[in-house]
Amino acid sequence: MNSYVVHELEFLKELNPSQRTAVELTEGPVLVIAGPGSGKTRVLTYKVAYLIATKKASPMQIVALTFTNKAANEMKRRIVELIGVAGEAVFAGTFHAFAARVLRMFGDKVGIERNFTIYDEKDSQALIKDIIEELGYQHERVLTPSYVYERIERLKERFVTPEDTPMYEYPDREVRNIYREYNVRLQHNNALDFADLLFYAWRVLRESEVARERFSKKYILVDEYQDTNRAQYEILKVLAQKYRNITVVGDEDQSIYRWRGADIHNILDFEKDFPDAKVIRLEENYRSTKRILRVATHLISFNILRKGKQLYTTNPEGDRVKIIEAYDERDEARKVVDIVENAGRNLGDFAILYRTHFQSRTFEEELQRRGIPYVVVGGLRFYERKEVKDALAYLKVLVNPRDTVSLIRVIENPPKGIGKVTLKKLQQYAERHGNSLYGVLREVEAIPDIPARIKGHIITLYQNIERWRHLDVKPAELLDKILGESGYWEWIGDDEERIENLRELIASLREYEELEDYLRTVALFTDIDEWRSDRQKLNLMTLHSVKGLEFPIVILTGLEEGLFPHYKSLNEPEELEEERRLFYVGITRAKERVYITYAMSRRRRVCMRSRFLNELPSEEIDFEW
């Protein structure tokens, strides 16, 4: 027997009966309902290793999809640990990374050039902001760049074009007009946003037999299936057509991303899409105490949209869940920090969770007052810091000179002697002549009404970019050179924080030989991908950010009507169920203890305590007034 097979079969002994069944079911569609802390990542990685070890598939015949780079990297690491270097050839990545790979290879089938730029949320919003102003909508309070971006992303995820955008009421017509122009600008800039990646990858796989054959893997494994949106669902349907060996792992009780397009019905209706699907439930929890599980199970039983499961564990009984009443948000912060200070634990053992970002302010003020170090997960991401985005803009322009958003950032940071009036003239000239902004830099001598001195600055910038584009050096050395020759290092002066961030950026580039690979990777990073556990820092994060993590002690805050559950969900049953799922996710992150707080007054307004607190089993909780 192959040594890998022996090695893998020995590891199978570590699985419980349900996990092992899920691993050994290799043919046909399989739905694994995995409760929190039930070892779903282990099932996925062992299944990949099992398929390779038993020679049912080569590594190249398997694709494993998930939602964060952090989860994908962990999956790949475990696969390699199990079967060695053979596991390196398995594609384990996010849906967006998979889509980007499809488009790098076959994007020309749908008119996408290989060197396209991926716009993150901030890039897209910058483009939308310009369009809003040009269309004269800047005084419309509703039409903020963030609001319009989210509306457009949701439409794209459902494959709704600008022409098909419904117009029921204000501001639908305005959104449609912005959406139409936004798509035109993206195409002109040779850029794709996150939703475009999925849409065009789906089109390629559906329309190109060559591409479909290349990417229709013998085995498809999907993590966090409850979080898939319409576009991801359609991609999976195309990929699974040929072999139908698709295993999806998820938990409908942890579906908490409806606001960003996730459709819980994808997991609820899996057996309708695949009538011959086998269903396995992973119900043994390895994370939490018995009491925590009983509290969570009782809470989630109030939901209707679920398949149902009964969690159990051999862990200790554990402490009762403690509910703490506070007078106001400042009293809440004091009581929460008291818990942390009096526990005698490492700060990294705690997670303070809240429903919305604004709640972190009072906790941060109290922690700063007491000199307690902390980290806010989901705050300003490393790759969203100004100096980092400035530096990345230079690199993006080298790869894709048509990227106007990045080119404007290059022109402005540091200032090149090219003011906003001149920049507007250049953009108008480019539009009239069907050219890109970068193409116009090359032709600036032919443009009237621009002073010779400013033309000199433009010519110098163009020549510098062209020279950098053709330098035969590694990406890290290239960026360091650009920051020096562009005057960026000098411009930021002695700002130690910015200097250190740029040094860190250069260091991250040293891991890459190809600039395109690096830009594609960082464009798809999330705040959770950047988070690293630190035993000496207290963790503050939203409940949406904590998904997939675990901590010995969890403190859930702000359990008040209108805050949690959020006021927007109160009249919508499905939204209210999602809020309850969010609470369930928060509780089940805890290994040992759960604290829950609410305030009688917040922002000088009287509050009612959350209805969810009345749904917790009284015999498992203690109140502290």
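Residues in the stretch 28-45 that are modelled with pLDDT of 95 or more and open to solvent by 10 Å² or more (accessible area, probe 1.4 Å): GLY28, GLY37. When ILE339, ILE323, ILE372, ILE352 are screened for being of a type outside the set (Ser, Thr, Tyr), outside any loop (DSSP other than H, G, I, E, B), open to solvent by less than 30 Å² (accessible area, probe 1.4 Å) and in contact with an Asp or Glu (Cβ under 8 Å, 6 or more places away or on another chain), only ILE323 passes.
Each residue in the stretch 240-256 was checked for being crowded, with 21+ Cβ neighbours inside 10 Å and either in contact with a strand residue (DSSP E or B) (Cβ under 7 Å, 6 or more places away or on another chain) or not acidic (Asp, Glu) (or both), and 10 of them qualify.
One line per residue, one yes/no per condition, for (1) surrounded by 15 or more Cβ atoms within 10 Å (Cβ to Cβ); (2) over 21 Å from ASP196 (Cα atoms); (3) hydrophobic (A, V, I, L, M, F, W, C):
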| position | (1), (2), (3) |
| --- | --- |
| TYR50 | yes, yes, no |
| SER58 | no, yes, no |
| ASN69 | yes, no, no |
| GLU74 | yes, yes, no |
| GLU121 | yes, no, no |
| PHE159 | yes, no, yes |
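Residue pairs whose Cβ atoms lie under 6 Å apart, separated by 6 or more positions or on different chains, with the first residue in the stretch 433-460 and of a type in the set (D, E, K, R) and the second open to solvent by 20 Å² or more (accessible area, probe 1.4 Å), are ARG442/TYR462. Test ASN190 against the stated conditions and say whether it is open to solvent by less than 70 Å² (accessible area, probe 1.4 Å) and in contact (Cβ under 8 Å) with a residue 24 or more places away in the chain. Yes. With respect to (1) more than 16 Å from VAL554 (Cβ to Cβ); (2) at pLDDT 95 or above, the lone exception for GLN310 is condition (2). Inspection of the stretch 123-135 finds no residue satisfying the criterion of being surrounded by fewer than 22 Cβ atoms within 10 Å (Cβ to Cβ), under 24 Å from the mean Cα position of the chain (by Cα) and of a type in the set (Val, Ile, Thr). Looking at the structure I just gave you, is ILE459 under 30 Å from GLU445 (Cα atoms), in contact with a helix residue (DSSP H, G or I) (Cβ under 6 Å, 6 or more places away or on another chain) and open to solvent by less than 60 Å² (accessible area, probe 1.4 Å)? Considered against the rule, which asks whether it is under 30 Å from GLU445 (Cα atoms), in contact with a helix residue (DSSP H, G or I) (Cβ under 6 Å, 6 or more places away or on another chain) and open to solvent by less than 60 Å² (accessible area, probe 1.4 Å), ILE459 comes out as no.
Name the residue that is nearest to ARG214 (Cα to Cα), counting only residues in the stretch 235-274 that are charged (D, E, K, R) and under 21 Å from the mean Cα position of the chain (by Cα).
Step one: filter the stretch 235-274 for residues charged (D, E, K, R), giving 237, 242, 244, 251-253, 258, 260, 263, 269, 271-273.
Filter again for under 21 Å from the mean Cα position of the chain (by Cα), leaving 251-253, 258, 260, 263.
Working: ASP251: 30, GLU252: 32, ASP253: 35, ARG258: 32, ARG260: 30, ASP263: 28 Å.
Selected residue: ASP263.
Any residue at all in the stretch 590-606 that's in a helix (DSSP H, G or I) and at pLDDT 95 or above? Quick ask: steps written out before the conclusion?
If we filter the stretch 590-606 for residues that are in a helix (DSSP H, G or I), which is where we start, we get none.
Scanning the stretch 590-606, I find no residue that is in a helix (DSSP H, G or I) and at pLDDT 95 or above, so the answer is no.
Scanning the stretch 84-96 for residues being open to solvent by 20 Å² or more (accessible area, probe 1.4 Å) and in a helix (DSSP H, G or I) gives a total of 6. Among the residues of the stretch 275-291, which ones are open to solvent by less than 30 Å² (accessible area, probe 1.4 Å) and within 28 Å of the chain's Cα centre (by Cα)? Scanning the stretch 275-291 gives ILE280, LEU282, ASN285, SER288. You will find that of VAL148, VAL142, VAL110, the residue that is surrounded by fewer than 16 Cβ atoms within 10 Å (Cβ to Cβ) and in contact with a Phe, Trp or Tyr (Cβ under 9 Å, 6 or more places away or on another chain) is VAL142 and no other.
In the stretch 82-102, what residues are of a type in the set (A, V, I, L, M, F, W, C) and closer than 23 Å to TYR225 by Cβ? Please lay out each step first, then the result.
Kept after step one, since they are of a type in the set (A, V, I, L, M, F, W, C), are these residues of the stretch 82-102: 82-83, 85-86, 89-92, 95, 97-100, 102.
Once the filter is applied, which keeps residues that are of a type in the set (A, V, I, L, M, F, W, C) and closer than 23 Å to TYR225 by Cβ, the stretch 82-102 yields LEU82, VAL90, PHE91, ALA92, PHE95, ALA97, PHE98, ALA99, ALA100, VAL102.
Applying the criterion of at least 1 residues that are under 26 Å from PHE116 (Cβ atoms) and among the basic types (Lys, Arg) to the helices (runs of 4 or more DSSP H) found wholly in the stretch 400-517 leaves 404-412, 420-432, 437-442, 452-469, 475-485.
Residues checked against (1) within 18 Å of LYS396 (Cβ to Cβ); (2) of a type in the set (Lys, Arg); (3) at pLDDT below 90:
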residue: TRP491; (1), (2), (3): no, no, no
residue: LEU505; (1), (2), (3): yes, no, no
residue: ASP517; (1), (2), (3): yes, no, yes
residue: VAL522; (1), (2), (3): yes, no, yes
residue: PHE525; (1), (2), (3): yes, no, yes
residue: ARG532; (1), (2), (3): no, yes, yes
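Exactly one residue among GLY378, GLY434, GLY417 is under 30 Å from ARG361 (Cβ atoms) and either touching an Asp or Glu at 6+ places or on another chain (Cβ under 8 Å) or open to solvent by 20 Å² or more (accessible area, probe 1.4 Å) (or both), and that residue is GLY378. Residues of the stretch 222-271 that are under 15 Å from GLU575 (Cα atoms), at pLDDT 95 or above and among the small types (Gly, Ala, Ser): SER255 alone.
The values are calculated or read from the model by the stated rules, or taken from the named source; none is laboratory data. Nothing here was measured: the structure is a model prediction, and the numbers come from that model. Cβ sites come from the backbone with ideal geometry, for glycine too, and all protein chains shown count toward neighbours. In case anyone asks, the SASA skips ligands and DNA or RNA and just uses the protein heavy atoms, side chains included. Shrake-Rupley method; radii C 1.70, N 1.55, O 1.52, S 1.80 Å.
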